[in-house]
Amino acid sequence: MKRRKFLKNASLTGVGLAVGTSLSSCNEKASEKNKATQTTSKKASLPLVIATWNVPNATAKAWEILQQGGLALDAVEQGCKIEEADVKNQSVGKGGLPDRDGNVTLDACIMDKHGNCGSVVHLQNITHAVSIARHVMENTPHVMLSGKGAEKYAYELGFKKENLLTESSKKAWEKWKIESKYKPIINIENHDTIGMLAIDKNGDISGACTTSGLAYKMAGRVGDSPIIGSGLFIDNQIGGCVATGMGEEVVKTVGSFLVVELMRQGKSPQEACEEAINRIVSKPNSDYKNFQVGYIAVNKQGKTGSFAIHQWFSMTKFQDNKNENIQSNFVIKA
Ligand code: SD4
């Protein structure tokens, strides 16, 4: 509903959106609000998990693990797997929307408290890309495996070959093919690439990110989600960040690494997310009105933040036995 509403508004008004307030004043307001929230809120309690978009089942799974004293690393992997297996989620795992040629290709990565990381890019026929990424991290001398090599490795591990293109995603692709117009999708309802960050009872941070990438992308295209520092970055001393949206823009600004480095310099997670979005929208000739990017972040103290270019980006947070979806502040005010 919300994405459709956005697109409808956009088509009614050309690009349809005006920057109601100047970006800097919008950011100032958001920062002030965030500071106020931080000073009035009680000290963050652990464990906690946050994820991009409205994914209560995924955060609930992660929470279950964290509550039992499990590792943040297990929590983010298992949480992401919930969305990968959900065929109704058309931007992750099985049921993901395909590329222009009708192939579903997955990107995923994972990063642990030691700064170890693993990723897979352009993986086909395997639902749980995040688990293969974890195997790459833990059981190979490498960080990244791509395409056929990643798929071969998955079979060696015992993962089964699956057809990831569901009837409904196939129908959507066939409909898209009639016009074959490539337009980035601003928000896919409340379901999109899932990025997850968790802090366990020991206070250790891990993160993961998994996606089928941009719908109807060129064959072979890889986005930000499996790129360490772009789609995800964790520094257990500082915090973590994950990204969603137009991967090319996230890669160009090394978004998640930037957010963590800004937190290292003393910014709150909220301020750091805002600054990273600011880097994208303040570029000369930035086309930011036509694409979405959103970040969520957590720092070592368990404070969280999120920010996006467009409305309707949200973060799901499970903390203190409460699983809630929180709308993010954003740049473009209608
Ligand atoms: C990509 N960042 O492949 C992913 C897709 C996404 O919202 O997050 N879409 O660029």
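The values are calculated or read from the model by the stated rules, or taken from the named source; none is laboratory data. These numbers were taken from a predicted model, which means no experiment stands behind them. We place every Cβ from the backbone using ideal geometry, glycine too, and count neighbours over all the protein chains shown. What goes into the accessible areas is simple: the full protein's heavy atoms, side chains included, and nothing from ligands, DNA or RNA. Shrake-Rupley method; radii C 1.70, N 1.55, O 1.52, S 1.80 Å.
Yes or no, residue by residue, for (1) open to solvent by less than 20 Å² (accessible area, probe 1.4 Å); (2) at pLDDT below 95:
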residue: N202; (1), (2): no, no
residue: I228; (1), (2): no, no
residue: G239; (1), (2): yes, no
residue: V251; (1), (2): no, no
residue: D287; (1), (2): no, yes
residue: F291; (1), (2): yes, yes
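Cβ-Cβ distances below 8 Å connect the following pairs, each with a first residue in the stretch 212-230 that is without any contact (Cβ under 8 Å) to a residue 40 or more places away in the chain and closer than 18 Å to I280 by Cα, a second residue that is of a type outside the set (A, V, I, L, M, F, W, C) and near the ligand (Cβ under 8 Å from one of its atoms), and a separation of six or more residues or different chains: D224/G231; D224/G247; D224/E248; S230/D224; S230/G247.
If you filter the stretch 99-149 down to residues that are of a type in the set (D, E) and farther than 30 Å from I185 by Cα, you find that the one that is farthest from the chain's Cα centre (by Cα) is E138. Scanning the stretch 209-255 for residues that are touching a Lys or Arg at 6+ places or on another chain (Cβ under 6 Å) and among the hydroxyl-bearing types (S, T, Y) gives Y216, T253. Only one entry in K333, K317, K283, K267 is open to solvent by less than 50 Å² (accessible area, probe 1.4 Å), of a type in the set (D, E, K, R) and not in a helix (DSSP H, G or I), namely K317. With the requirement that a residue be within 13 Å of the ligand (Cβ to nearest atom), part of a strand (DSSP E or B) and in contact with a Gly (Cβ under 6 Å, 6 or more places away or on another chain), what does the stretch 199-242 give you? If the condition is that a residue be within 13 Å of the ligand (Cβ to nearest atom), part of a strand (DSSP E or B) and in contact with a Gly (Cβ under 6 Å, 6 or more places away or on another chain), then C209, L232, V242 are the ones that fit.
Listed by first and then second residue, the pairs linking a residue in the stretch 274-297 that is over 25 Å from N54 (Cβ atoms) to a residue that is within 16 Å of the ligand (Cβ to nearest atom) and open to solvent by less than 50 Å² (accessible area, probe 1.4 Å), with Cβ atoms under 6 Å apart and 6 or more places separating them unless they lie on different chains, are R279/T253.
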